[in-house]
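Right, one structure below, let's go through it.
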Amino acid sequence: MILLRAPKPDDIGPLTDAVNMPGVRRGTLRLPYTTEDLIQTRLTAPSPDTHHVVAAWDNRAVGLGTLRLGQGRRRHVGVLFLFIHDEHWGRGIGRALLEGLIDLADNWYGLIRLELDVAPSNTRAVKLYESAGFKREGIKRADTICDGLLEDSLVMGRLHPFPKPAKKGQKG
Ligand SMILES: CC(C)(COP(=O)(O)OP(=O)(O)OC[C@H]1O[C@@H](n2cnc3c(N)ncnc32)[C@H](O)[C@@H]1OP(=O)(O)O)[C@@H](O)C(=O)NCCC(=O)NCCS
């Protein structure tokens, strides 16, 4: 069963295992041999502009989604990051996590724009984002290095469908 929830100290080990999986490494900007200390710092002392959501499968953390809020004149913009442990792909967990992050952005932070970078070869992720309303916006050439090869990044973005008006008689 999939559950989205806030991170807990017990998640540090399972999420460190997940980020060291080859598929997660290929799909993200993680370097090999990521330590528990790095994940611990990210989870227990996040910067104030960062909101993490854990995806758990049968009560074990198998993925992490992050919404990073923009600052100043980009306060309406959020940047998304997410990964699911390789052994749990194809079970709908990535979609549930993405929907949870979009709900957080749309309905709680009131963000107008969401964006992310993804390798064009990462068809699983690109399809997932497109099905959630993200559009292809452009290519950053030779943006990252992965296993000895330079790779382009595809910039994808989604605008809020439209902010709903406040209910009558309800403040704010
Ligand atoms: C991308 C990722 C988050 C998807 O997670 P997931 O749990 O496997 O995704 P889901 O099972 O919810 O599937 C979501 C969608 O992915 C696409 N998808 C799933 N399996 C696929 C496959 N074998 N081939 C192509 N697309 C596929 C489909 O569009 C699917 O939608 P559907 O359920 O309507 O068919 C996961 O593969 C992952 O963490 N990859 C490594 C890290 C990464 O790439 N992160 C994104 C960086 S931008």
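Could you go through region 24-33 in sequence order and give the Karplus-derived ³J(HN,Hα) for each residue, using 6.51 cos²θ - 1.76 cosθ + 1.60 with θ = phi - 60°, rounded to whole Hz, and x for Gly and Pro?
Once rounded to whole Hz, the list reads 5, 4, 4, x, 10, 9, 5, 7, x, 6.
Calculate for the chain the 222 nm mean residue ellipticity that helices alone would give, adding -39,500 (n - 2.57) per DSSP H run of length 4 or more and normalising by residue count, nearest 500 deg cm²/dmol.
Result for the chain, helices only: -7000 deg cm²/dmol.
So what's the chain giving for Rg/Rh, alpha carbon basis, Kirkwood Rh from the mean inverse pair distance?
In the chain, Rg relative to Rh is 0.97.
For region 76-157, just say rounded, prolate or oblate: build the C-alpha gyration tensor, square-root its eigenvalues into a ≥ b ≥ c, call rounded for a/c under 1.5, and beyond that prolate if a/b exceeds b/c, oblate if not.
Oblate.
For region 87-102, what does the Karplus curve 6.51 cos²θ - 1.76 cosθ + 1.60, with θ = phi - 60°, yield as ³J(HN,Hα) per residue in whole Hz, taken in order and with x for Gly and Pro?
Result, rounded to whole Hz: 6, 10, 5, x, 10, x, 6, x, 5, 4, 5, 4, 4, x, 5, 5.
Given 14, 92, 131, which one lies farthest toward the positive end of the charge dipole of region 1-152, if we put +1 on the Cβ of every Lys and Arg and -1 on the Cβ of every Asp and Glu?
With unit charges placed on the Cβ atoms, the residue in question is 131.
Under 29 Å between C-alpha atoms is the cut-off here; go through region 14-172 and count lysine pairs that meet it, provided they're at least eight residues apart or on different chains.
For region 14-172, the number of qualifying lysine pairs is 4.
Using the Cα centre of the chain as the reference point, and only Cβ charges (+1 on K/R, -1 on D/E), how large is the resulting charge dipole? Debye, rounded to the nearest 20.
Its charge dipole is roughly 980 debye.
Taking the highest mean first, how do the peptides 1-11, 73-83, 120-130 order by number of other beta carbon atoms within 10 angstrom per residue?
Put in order of decreasing packing, that is 73-83, 120-130, 1-11.
What ranking do 149-155, 97-103 get when scored by the average of other Cβ atoms within 10 Å per residue, highest first?
In descending order of packing, they fall as 97-103, 149-155.
Tell me, what HN-Hα J-couplings in whole Hz come from the Karplus equation 6.51 cos²θ - 1.76 cosθ + 1.60 at θ = phi - 60° for each residue of region 56-66, using x for Gly and Pro?
With the stated coefficients, region 56-66 comes to 10, 10, 6, 6, 10, 5, 10, x, 9, x, 10 Hz.
No lab work stands behind these numbers, since they all come straight from the coordinates. Only a predicted model underlies this, so the values are computations on that prediction, with no experimental measurement involved. Cβ coordinates were reconstructed from backbone atoms using ideal geometry, including for glycine residues, and neighbour counts include every protein chain displayed.
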